[in-house]
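Every read-out reported here was derived from the displayed coordinates using simple, explicitly stated rules and does not represent laboratory data. Being a predicted model, the structure only gives us computed values, none of them experimental. Because the Cβ atoms are built from the backbone with ideal geometry, glycine has one as well, and the counts that use them run over all protein chains shown.
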Amino acid sequence: MWTDRLPDEHGADHDFDHPTAFDEPAIVECLRDLKASRVGVLALRTQAMKVVDVPEYDFTRHRRTETPRRVPPADVIIIEGILVLHMEGVRGLLNMKIFVDTDDDVRLARRIQRDISCRGRDVAGVLHQYTRFVKPAFQQFVAPSRKHADIIVPWTGEGNSVAIHLITEHIRTKLQQHDLRRVYTNLELIPSTYQIRGMHTIIRDRETSTADFAFYSDRLLRLVVEAGLGHLPFAEKTVITPTGHPYVGVDFAKRLCGVSIIRSGESMEPALRACCKGIKIGKILIHRVGDHVLQQDTIYEKLPADIADRYVLLMDPIVGTGETAVKAVQVLLNKGVQEDHILFLSLIAAPEAVHRVCRAFPKLKLITSEIDEGLEAYRVIPGVGEFGDRYFCD
């Protein structure tokens, strides 16, 4: 997106490859609008889609066109240009940064072909611009920007099919994730299997007995706890096996504890104890007024004295509005626990809770096995009903 302050008569002699030729604030604004339009659709789930007007540049008149290009929300937004990685404001909005490295002769040949066929220029003019502006700008600004790239793709006249395949497969994997997972990097959704789906079917069935509800909930909660433990730091450890040979593995994380939100969260304690022998477990009770969770206060807490020095697995199987979760996290933060040392474990989460928790605490990790449709009268839909009543009561 070039600046629109250049007189027509100076266009041919202007250095379009210098960073000052680009309207970086306008580029950043457009990217933010494009990303916000996608997030807005995910968050609100409305039929209305915000269309972003992106200015276009006319290279024959050296100014922007009167009519911008209208871009609707998209799952993938690609911005390309020789100085994209040079601009700090733009880099900060990119999820993946790719630098395509080509030979000088390939770049020159492509530029000649493009400028003649698309921009109405002659070979002499293209070569003059290349030697005067393009090559010096490449050496000063473009080449050094490769250090900011996540991926550097060597490119020849025959392309690089392996690199293209790796990049596209990575994008496909991202697109197969839940919509909210694409928005919040601190959200972890356990991959669904027929086993997990089948167990969810049983516990969601209102005809399921208390015994079966507890049995299959325990199996699912164990999976959630195992997934949470997988996000704790591990250190490499070598042991000698009974055969006398070394085995290079990992050592379990030390100095962790569990904290359950009373009372449903207590259902997750057996799974945590089964996975972590002798683990300390604390409790937090949050006051609720009926079904409303807007007026809350902590009315009970029992936490390890040294909790500030530990990784904390905060447990609540059903997260609806997210208000109780936010209050519990705030209790831990007030006790000195680092935000990135908190892992929130839930069996089912409503989208409202995901937005509330992940936005409020971007360094916290929220781990769940399923994200439901939403809330209805402060209850998760389709949900499982009152989890604590179904789990603990006959």
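What to note about this one:
- Kirkwood radius for region 8-174, taken over all pairs of different Cα atoms as the inverse mean of 1/r, rounds to 18.1 Å.
- Length gained on full extension, GLU88 to LYS50: 11.1 nm, using 0.36 nm per residue less the C-alpha separation.
- Note on SER260, SER161: ascending count of other Cβ atoms within 10 Å places them as SER161, SER260, the fewest first.
- Residues with amide H under 5 Å from that of VAL52, placed H, sequence gap 5 or more: VAL71
- By the beta-carbon count within 10 Å of each Cβ, the least crowded to most crowded order of THR185, THR243, fewest first, is THR243, THR185.
- Relative contact order [Cα under 8 Å, 6+ residues apart], region 250-394, whole percent: 21 percent
- Maximal additional length on extending the LYS97-ILE262 stretch stands at 55.0 nm, based on 0.36 nm per residue less the C-alpha distance.
- For region 325-369, a crude dipole built from +1 on the beta carbon of Lys and Arg and -1 on the beta carbon of Asp and Glu, taken about the Cα centre, is about 80 debye to the nearest 20.
- Stokes-Einstein, applied to the Kirkwood radius of region 169-257 over Cα pairs at a viscosity of 1.002 mPa s and 20 °C, places its translational diffusion at 128 µm² s⁻¹.
- Of all beta bridges that DSSP places with both ends in the chain, some 40 percent have antiparallel geometry.
- FRET efficiency, HIS170 to LEU127 (Cβ-Cβ, R0 41 Å, nearest 0.05): 0.60
- Residue-averaged [θ]222 nm for the chain, counting only DSSP H segments that reach four residues, each worth -39500 (n - 2.57): -10500 deg cm²/dmol
- Along region 219-236 the Karplus relation, 6.51 cos²θ - 1.76 cosθ + 1.60 evaluated at θ = phi - 60°, assigns HN-Hα couplings of 5, 5, 5, 4, 5, 5, 5, 4, 5, x, 4, x, 9, 7, x, 10, 10, 5 Hz to successive residues, with x for each Gly and Pro.
- Seen from all directions on average, region 179-392 presents a Cα convex hull projection of 13.3 nm².
- Options LEU34, HIS128, ALA149, ranked by Cα towards positive dipole end of region 8-174, top entry (Cβ charges): LEU34
- Applying a DSSP loop filter and a limit of 13 other Cβ atoms within 10 Å to the GluC sites (Glu not before Pro) in region 177-266 leaves GLU207.
- For ARG64, the amide hydrogen comes within under 5 Å of the amide hydrogens of ASP58, counting only partners 5 or more places away or on other chains and with H modelled in the peptide plane.
- Take the Cα of THR185, go 7 Å toward its beta carbon, and the backbone nitrogen atoms of region 310-343 under 20 Å from that spot belong to 338-343.
- For the chain, a Gaussian network of Cα nodes joined below 10 Å ranks THR241, THR65, THR156 by mean-square fluctuation, and the top entry is THR241.
- Rounded to whole numbers, the Karplus 3J(HN,Hα) couplings from phi for region 104-118 are 4, 5, 5, 4, 5, 4, 5, 5, 4, 4, 5, 5, 6, 7, 10 Hz, using 6.51 cos²θ - 1.76 cosθ + 1.60 with θ = phi - 60°, and x at Gly and Pro.
- Once divided by 2.2 N^0.38 Å, the Cα radius of gyration of region 301-362 becomes 1.08.
- Full extension of the segment from ARG379 to ALA305, taken as 0.36 nm per residue of separation minus the current Cα-Cα distance, would add 23.2 nm.
- A simple rule links phi to the HN-Hα coupling: the Karplus curve 6.51 cos²θ - 1.76 cosθ + 1.60 with θ = phi - 60°, which for region 123-134 gives 4, 4, x, 5, 5, 4, 5, 5, 6, 7, 10, 5 Hz, with x for Gly and Pro.
- Fewest-first sequence of PHE141, PHE215, PHE22 by Cβ atoms within 10 Å of each Cβ: PHE215, PHE141, PHE22
- Residue with peak Gaussian network fluctuation, the chain [Cα springs, cutoff 10 Å], from ILE202, ILE299, ILE286: ILE299
- Amide hydrogen neighbours beyond the local backbone of ILE262, cut-off 5 Å, H modeled: ILE284, LEU285, ILE286
- Shape summary: the chain maps onto an equivalent ellipsoid whose semi-axes, from the alpha-carbon gyration tensor, are 52, 26, 19 Å in decreasing order.
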